[in-house]
Amino acid sequence: MTHIIHRSLRHTPLVAARSQGIHIIDAHHKKYIDASGGAAVSCLGHAHPDVLAAMHAQIDQLAYAHTGFFTSEVTEALADHLIEHAPGDLSDVYFVSGGSEAVEAALKLARQYFLEIGQPERTVFVSRRQSYHGNTLGALAVGGNEWRRQPFAPLLMDVPRVSPCFEYRDRLAHETQDAYTHRLLTEIEETFIATGPERIIAFCAETVVGATTGAVPPTPGYLQGVRRLCDKYGILYIADEVMCGMGRTGTLYAFEQDETLPDIVIIAKGLGGGYQPIGALLARAHVVDALRRKSGMFQHGHTYLGHPIASAAALAVQRVIQRDRLLEQVRARGEYLRKALVAALGDHPHVGDIRGRGLFMAVELVQDRATRTPFDHNKKLHAVIKQQAIDNGLLVYPMGGTIDGKSGDHVLVAPPFIVSEAEIDQIAQLLRQSINQSLR
Ligand code: PMP
């Protein structure tokens, strides 16, 4: 019996006891391969000695000092590190304790920016259907999942939504990739115009969609088009890289591969690699300078922002990624993972797509490869696969069967950056086995 309000109030989840490298061991000594790094969190794997040492040293030195009085050396060092490695004129960081909090902070920063530059009429955010931005009320409001939002709808702000960029599912047979991208951008512009562009604060989008549709990258030119449209109407572009950022796709920020630069970037999961709860937003100079010039403050704050131990953990994680050239490794192992998944599942009659970037890959399951018909939502195939994989000692992140009737079930595979080729082969084989067992 548990006294914790778990996700399920009927079942107690597995009890994790220890973790090491890419493995988690449960209270019954069963060992699992952590092939999704939790939910694309664990980038260095578990119990990395450098991170543990940095955290121990920080605990001995300074565990907590309230930001109403202090910043700390380690939090400043983390901010310096992030800005030094950030592209373009991303110039300032704001630290929080996780992804949803970072999204909330980004929404408020964007709103405050327009207040400070004398455009108080801008009160609307535009986002995309099939997106996930977190579970707090503001983050839920901009998120796309209808079934997540619906019970709380009276409490949420109204957000116009456009189609996601989901080529596999939505590009028409006769349509070129360019024409498809153009169609999506036209829809965004029409939505801006219908809403009244002068009322819009920002367009929010995950660079590579994670949880809802499974490692779906944008088509070439799509994000550049988003940037152009935002510039045309004076709208901010907020990139949510909570899941796909911090090296997961092979570059520190996924949008770098799309040669674009958002105004505000949201990061979390891989920032602290699971060692501490931490999230952040990075903002470009013009955004923060507007606040600096006018009110001189950001009207936001939480008790634990810029926590020294979280900062020490994140700084250690990020330094290891640089020192050990792990972004190169993500690119190489990511290609290896793609090939291993294609070899294991590419000809599977119920696999419709294998997609993603770097070590952020997904396998989409369909009833019929030719028509791409998804499985019946009520079958909850993703949940069956998740349990079957657990039985086989494999932790992956299956989601899906969204109720739009078009999205299939998918399995996200996002192992730690330190995964070996032999371990990738093992992951691909265990995944194939788990999928086959689930379809029986
Ligand atoms: N944005 C994205 C893209 C996410 O994937 C998530 C978490 N899955 C969040 C925001 C929310 O982060 P958290 O769960 O840390 O609040």
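The values are calculated or read from the model by the stated rules, or taken from the named source; none is laboratory data. Everything numeric in this text was worked out from a predicted model, so none of it was measured. In this analysis, Cβ positions are derived from the backbone assuming ideal geometry, glycine residues included, and neighbour counts consider all displayed protein chains.
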Item checked: Contacts under 8 angstrom Cβ, first residue in the stretch 36-53 being away from the ligand (no atom under 16 Å from the Cβ), partner modelled with pLDDT of 95 or more and of a type in the set (D, E, K, R), 6 or more apart -> Gly45/Asp34; His46/Asp34; Asp50/Arg319
Next item on the list: May I ask you to list the residues in the stretch 97-113 that are in contact with a Leu (Cβ under 8 Å, 6 or more places away or on another chain) and more than 9 Å from the ligand (Cβ to nearest atom)?
Entry: Ala105, Ala106, Leu109, Ala110, Gln112, Tyr113
Notebook entry, point to check: Which of (1) surrounded by 13 or more Cβ atoms within 10 Å (Cβ to Cβ); (2) under 25 Å from Gly250 (Cβ atoms) does Glu84 not meet, given it meets every other one?
Noted result: (1)
Item checked: Subset of the stretch 93-105 [of a type in the set (A, V, I, L, M, F, W, C) and over 15 Å from the mean Cα position of the chain (by Cα)] -> Val93, Phe95, Val96, Ala105
Check: In the stretch 8-46, which residues are in a loop (DSSP other than H, G, I, E, B) and either β-branched (Val, Ile, Thr) or within 27 Å of Met246 (Cα to Cα) (or both)?
Finding: Thr12, Val15, Ile22, Ala35, Ser36, Val41, Ser42, Cys43, Leu44, Gly45
Checklist line | Yes/no for Thr71 being at pLDDT below 95 and more than 16 Å from the ligand (Cβ to nearest atom) | finding: no
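Any idea which of Gly225, Gly247 is within 22 Å of Thr191 (Cβ to Cβ), out of contact with any strand residue (DSSP E or B) (no Cβ under 9 Å at 6 or more places or on another chain) and either outside the structural domain of Leu365 (by TED's automatic domain parsing) or not in a loop (DSSP other than H, G, I, E, B) (or both)? Outline the logic, then answer.
On the way: Gly247 fails: within 22 Å of Thr191 (Cβ to Cβ).
Checking each option against the conditions leaves just Gly225.
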Next item on the list: Can you give me the ranges of the helices (runs of 4 or more DSSP H) entirely in the stretch 132-218 with at least 3 residues that are within 16 Å of the ligand (Cβ to nearest atom) and modelled with pLDDT under 95?
Entry: 146-149
Notebook entry, point to check: Using beta carbons and a limit of 8 Å, which pairs, at least six apart or on different chains, have the first residue in the stretch 123-146 and in contact (Cβ under 8 Å) with a residue 40 or more places away in the chain and within 16 Å of Pro160 (Cβ to Cβ) and the second one near the ligand (Cβ under 10 Å from one of its atoms) and aromatic (Phe, Trp, Tyr)?
Noted result: Gly144/Tyr132; Asn145/Tyr132
Check: Residues of the stretch 415-437 being of a type in the set (Gly, Ala, Ser) and either closer than 14 Å to Val330 by Cβ or modelled with pLDDT under 95 (or both), which ones?
Finding: Ser420
Margin query: Quick check on the stretch 83-92. Is at least one of its residues closer than 30 Å to Phe203 by Cα and without any contact (Cβ under 8 Å) to a residue 24 or more places away in the chain?
Written below: yes
Notebook entry, point to check: When you scan the stretch 317-349, how many residues do you find that are of a type in the set (Val, Ile, Thr) and free of Cβ contacts under 8 Å to residues at least 60 places away in the same chain?
Noted result: 1
